[in-house]
Amino acid sequence: MEKKLTQRFAELLRRRELLLMSGGFSPLHARMSEVLGYEAFFMSGSQVCAYIYGYPDVGLLGLSEMADAVRRLTAACNIPIFADADTGYGNAVNVYHTVQAYIRAGAAGLHIEDQEAPKKSGTLAGRRLVSREEAIGKLKAAVAAKKELDPDFVVCARCDSIGSQGGNFQEAVERSIAYVKEAGVDAIWVNTLTQRQQIEEACRRIPAPVIAPYYGPRPSPSFDEFEKLGAAAVLYPSLTTANGLQATWELLHEFKQRGPIVLEEWNKKAQASPWGMVPRTQDPILPSKKILQLENEFIPKELQRDYTNTFGHDRH
């Protein structure tokens, strides 16, 4: 019997091998990640804000909008979705309902930040934290909520102390330990770690799997380094979006200046890639074969479409 996605995600965090998560907002990117062998996908709140609403990541979205974003992702792929839940969209009561809404939407886990609301981007200035006591209460509510519906669901506490107003690395570790021992969370995300020794110390001292993205001087640790430093997982919230946005920026400039010839040049560049052009309209990215199968099975023959003699038949 196949394991639930919540069980699978919990096991991926607990194993010795590093879990690598791509991130973004799009069901298409989640499915692409699955096709390419990524074992989980991170739904980034900042990317939902930016790409769905054109907002900065300053706490403008609410539970309903984010739960809808989770549903779109979980409907599109069969790998665990680890979902951004910001500050839980309110106090401990709100957090309780957020966790249950995410479970019903199909997420395998979520993270709750210890920032004040409205939150700020986890990688930009202006963050302030709630008290340790308030954060622990909210996380206890999250754990109670998941135990009622799915005990395997992963509740992760994200500590934003590093780089926040009045915060520091030692407080981040101490808070994280309390979030595990007192609130009972399943994992910890220590945000904005800037040194390799911080990753090692955090992973050694915190008694739970640690998600440890790196935001220090380049080069970044390699995947092997992350694993040796003790990280359970590393995620890249804008992996599927940031570089693509840069490419779109460049293409728009070039297209405006030089016209349709630019599209031909970009297509040739894609065709020359060692991975070829992305199959934008067909399997394995979009389930076109499944659509044809359903049409053939359930639509009367006389109502089925002519895919042989209409424009586009040679593009599949």
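The values are calculated or read from the model by the stated rules, or taken from the named source; none is laboratory data. These numbers were taken from a predicted model, which means no experiment stands behind them. For neighbour counting, all protein chains shown are included, and Cβ atoms are generated from backbone atoms with ideal geometry for every residue, glycine included. For the accessible areas, the whole protein counts, side chains as well, though only heavy atoms, and no ligand, DNA or RNA atoms are used. Shrake-Rupley method; radii C 1.70, N 1.55, O 1.52, S 1.80 Å.
Miscellaneous remarks
- Residue identified as aliphatic (A, V, I, L, M), over 30 Å from Val155 (Cα atoms) and in contact (Cβ under 8 Å) with a residue 12 or more places away in the chain among Leu303, Leu294, Leu245, Leu251: Leu251
- Filtering Phe42, Phe25 for residues that are closer than 29 Å to Pro118 by Cβ, open to solvent by 10 Å² or more (accessible area, probe 1.4 Å), at pLDDT 95 or above and touching a Phe, Trp or Tyr at 6+ places or on another chain (Cβ under 6 Å) leaves a single hit, Phe25.
- Residues considered: Gln197, Gln170, Gln165. Of these, the only one that is closer than 22 Å to Arg15 by Cα and surrounded by fewer than 16 Cβ atoms within 10 Å (Cβ to Cβ) is Gln197.
- Filter pass, Glu133 being surrounded by fewer than 16 Cβ atoms within 10 Å (Cβ to Cβ), at pLDDT 95 or above and in a helix (DSSP H, G or I): yes
- Checked against the criterion of being touching a residue at least 12 places away in the same chain (Cβ under 8 Å), closer than 22 Å to Arg158 by Cα and of a type in the set (Lys, Arg), the stretch 205-225 contains one or more residues that satisfy it.
- Residue within the stretch 94-115 that is open to solvent by 10 Å² or more (accessible area, probe 1.4 Å), touching a residue at least 12 places away in the same chain (Cβ under 8 Å), in contact with a strand residue (DSSP E or B) (Cβ under 6 Å, 6 or more places away or on another chain) and not in a helix (DSSP H, G or I) present: no
- Which numbered condition Gly276 misses (of (1) more than 21 Å from Asn78 (Cβ to Cβ); (2) part of a loop (DSSP other than H, G, I, E, B); (3) open to solvent by 70 Å² or more (accessible area, probe 1.4 Å)): (3)
- Single residue of Val173, Val180 found to be over 22 Å from Leu124 (Cα atoms) and assigned to a helix (DSSP H, G or I): Val180
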